[in-house]
Amino acid sequence: MNRPLAPGDTLGIIGGGQLGRMLSQAASRLGFNVVILDPEENSPACRVSQGQIVAAYDNPTALRVMAGACQAVTFEFENVPARSIEILTEAGTVVAPGPRALAVAQDRVDEKTFLNSLGVPTTAFAAIDNLSALRAAVASLGAPALLKTRREGYDGKGQVWIKDAAGAARAWAAIGSQPAILEAKAEFVRELSVICARGRDGSIAIYPLGENTHAGGVLKTTVAPAKVTSQTKSQATRIARKILEGLDYVGVMGVELFEMRGGRLLVNEIAPRVHNSGHWTQDGCVCDQFEQHVRAVAGWPLGPTAAHAQVEMTNLLGNEIKGWKALAADPAVRMHVYGKREAKPGRKMAHVNRMKPLRRGPGRKN
């Protein structure tokens with residue numbers, strides 16, 4: 001499809017969780033109809049959309065129905081089966097981001113290999129296929145080191161720290177003795193992220209950096225715009241542009257960064273989708289990351305990315321959602337509740353954006 005989507009056209013979203021929900025809300029504001037594909041009946045995203053196809057993500061019949069109903073399709077998570085994208089593309093539907101971005105992001109070894117091929121720095125790493133390879137990698141990279149499954153895994157799942165050589169066997173068993181990556185420990189000062197976007201015409205838009213704090217492997221807070229030097233901002237911009245252009249990418253991407261002593265940035269991971277650390281843009285920018293992603297996929301001009309407020313985004317996990325009444329009474333807080341039925345421990349139930357006036361000062365030039 002060469003033409004941009006027009007209001008009244010239909011956008012398909014694979015995945016019915018909170019990211020799909022917020023993408024659907026943004027698409028609706030722009031006048032699009034939205035159809036969700038998700039195996040969970042009456043998913044959070046379905047309840048704010050025109051309709052839902054209840055089926056597995058790789059169900060060929062469901063995918064062809066979606067292709068017939070939608071002028072373009074996107075997704076809320078990166079582990080979409082490759083065959084699903086092939087079926088949609090064969091049916092003549094535009095899918096963005098494209099299959100190469102998915103393939104790179106689905107395998108951590110391929111991801112870091114690709115980044116290094118672009119001249120984008122990462123931590124040192126080794127591909128692990130068996131316990132012998134793991135022991136050799138620990139000896140080479142040193143300990144402590146982080147062992148992660150090559151595929152799947154998120155929010156701290158599928159990974160374990162190896163504190164010394166003796167812990168290699170336990171760590172290998174802990175991840176299920178499956179293909180993995182061993183990453184050298186990064187002695188970083190702080191974790192940053194940059195939300196960036198590329199349109200169908202190759203135009204690029206980059207948001208101010210966010211500073212992230214994690215707890216138990218799960219993102220807890222993002223403060224944005226982060227206090228960074230102009231040199232750090234320039235580094236992050238160069239990295240983002242290289243990745244977007246290297247993948248011929250269309251849509252929003254989250255790039256997680258380690259800021260090392262001395263100011264050098266290393267890429268931790270990329271996410272070919274809207275990203276948790278970009279939720280601050282919903283109340284801190286005129287065009288948030290969700291609208292930006294819809295604009296890119298639809299072939300519209302990209303929106304402005306300048307911040308008009310300082311925002312602290314906090315994830316509400318599990319029973320923290322029960323504090324909604326006090327949060328709703330705070331005039332500085334904007335709540336974004338996901339509509340999930342059960343508040344399980346560690347489950348992302350909502351996030352809040354705490355607003356402050358944007359103050360520009362030394363060391364921050366976003």
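What follows is calculated from the coordinates using simple rules that are stated; it is not laboratory data. Just so you know, these numbers come straight off a predicted model, no measurement behind them. No Cβ is skipped: glycine too gets one built from the backbone with ideal geometry, and neighbour counts run over all protein chains shown.
Quick check on my link table: of 148/233; 220/356; 220/340; 157/227; 227/325; 112/344, which ones sit more than 21 Å apart, alpha carbon to alpha carbon?
In this structure, 148/233; 157/227; 227/325; 112/344 lie more than 21 Å apart at Cα.
Over the chain, with a Gaussian network built from C-alpha contacts below 10 Å, which listed residue (193, 84, 230) shows the highest mean-square fluctuation?
Checking each option, the largest mean-square fluctuation is seen for 230.
Please get the size of the charge dipole for the stretch 188-356, origin at its Cα centre, with Cβ charges of +1 on Lys and Arg and -1 on Asp and Glu, quoted in debye to the nearest 20.
In total the dipole reaches around 260 debye.
Just from its helices, what would the mean residue ellipticity at 222 nm be for the chain, if runs of 4 or more DSSP H residues each count -39500 (n - 2.57) and the sum is divided by every residue, rounded to the nearest 500 deg cm²/dmol?
Helices in the chain give a 222 nm mean residue ellipticity of -8000 deg cm²/dmol.
So for the pair residue 359, residue 248, with labels modelled 7 Å out along Cα→Cβ, what separation do we get in nm?
It is 4.8 nm.
What shape does the stretch 253-362 have by the C-alpha gyration tensor, where a ≥ b ≥ c are the square roots of the eigenvalues, rounded means a/c under 1.5, and otherwise prolate means a/b greater than b/c and oblate the rest?
Rounded is the answer for the stretch 253-362, as its axis ratio a/c remains below 1.5.
For residue 330 and residue 234, FRET efficiency with R0 = 30 Å and r from the beta-carbon atoms, rounded to 0.05?
That pair, residue 234 with residue 330, gives E of 0.25.
In nm, give the distance between the simple-model label positions of residue 264 and residue 308, each being 7 Å from the Cα along the Cα-to-Cβ direction.
With each label placed 7 Å out from Cα toward Cβ, I get 4.0 nm.
When we measure straight from the Cα of residue 163, which aspartates and glutamates land under 20 angstrom away, once same-chain ones fewer than 8 places off are left out?
Partners found: 129, 183, 187.
Enumerate the calculated ³J(HN,Hα) couplings along the stretch 166-182 in order (Karplus 6.51 cos²θ - 1.76 cosθ + 1.60, θ = phi - 60°), each rounded to whole Hz, writing x wherever the residue is Gly or Pro.
For the stretch 166-182, the Karplus curve yields 5, x, 4, 5, 5, 5, 4, 5, 5, 9, x, 6, 10, x, 8, 10, 10 Hz.
Mind checking which of 168, 144, 333 is farthest towards the positive end of the chain's charge dipole, using Cβ charges of +1 (Lys, Arg) and -1 (Asp, Glu) about the Cα centre?
With unit charges placed on the Cβ atoms, the residue in question is 333.
What size of dipole, in debye to the nearest 20, comes out for the chain about its Cα centre when the only charges are +1 on Lys and Arg C-beta atoms and -1 on Asp and Glu C-beta atoms?
So the magnitude is around 1040 debye.
Straight distance only, please: which aspartates and glutamates reach the Cα of residue 242 with their own Cα at less than 17 Å, same-chain residues fewer than 8 apart left out?
Excluding near neighbours in sequence, the set is 110, 111, 201, 256, 269.
Ratio to report: Rg/Rh of the chain, with Cα atoms as the point set and Rh obtained by the Kirkwood method; give two decimals.
When Rh is taken as the Kirkwood radius, the ratio is 0.96.
Tell me, what does the Kirkwood hydrodynamic radius of the stretch 124-184 come to in angstroms if you use every pair of distinct C-alpha atoms?
Averaging 1/r across every pair of different Cα atoms and inverting gives 10.9 Å.
So if each residue of separation counts as 0.36 nm, and I subtract the Cα-Cα distance between residue 169 and residue 86, what length gain in nm does that give?
So the chain would gain 26.0 nm between residue 169 and residue 86.
List the residues, sorted by chain then number, that are 5 or more residues from residue 52 or on another chain and whose placed amide H is less than 5 Å from its amide H.
36
Based on the alpha-carbon gyration tensor of the stretch 1-91 and its eigenvalue square roots a ≥ b ≥ c, which shape applies: rounded if a/c is under 1.5, prolate if not and a/b is larger than b/c, or oblate?
Note, shape of the stretch 1-91 comes out oblate.
Each label point is 7 Å from the Cα along the Cα-to-Cβ direction; what then is the distance between the points at residue 214 and residue 29, in nm?
Here the modelled spin labels are 2.9 nm apart.
Would you mind ranking 356, 233, 185 by Cβ crowding within 10 Å, fewest neighbours first?
Arranged by neighbour count, lowest to highest, 356, 233, 185 become 356, 185, 233.
As a footprinting exposure proxy, order 11, 30 by other Cβ within 10 Å, with the fewest listed first.
So the residues, fewest neighbours to most, are 30, 11.
Given an 8 Å cut-off on Cα distances and at least 6 residues of separation, report the relative contact order of the chain as a percent.
14
Where does each of 300, 172, 280 land when they are ranked from fewest to most other beta-carbon atoms within 10 angstrom?
Lowest count first: 300, 172, 280.
What are the ³J(HN,Hα) couplings of the stretch 338-345, residue after residue, when phi is run through the Karplus curve with 6.51, -1.76, 1.60 and θ = phi - 60°? Round to Hz, x for glycine and proline.
Rounded to whole hertz, the list is 8, x, 7, 6, 10, 8, 7, x.
Around residue 94, which amide H atoms from residues at least 5 apart in sequence, or from another chain, sit under 5 Å from its own amide H, with H modelled in the peptide plane?
Answer set, sorted by chain and number: 73.
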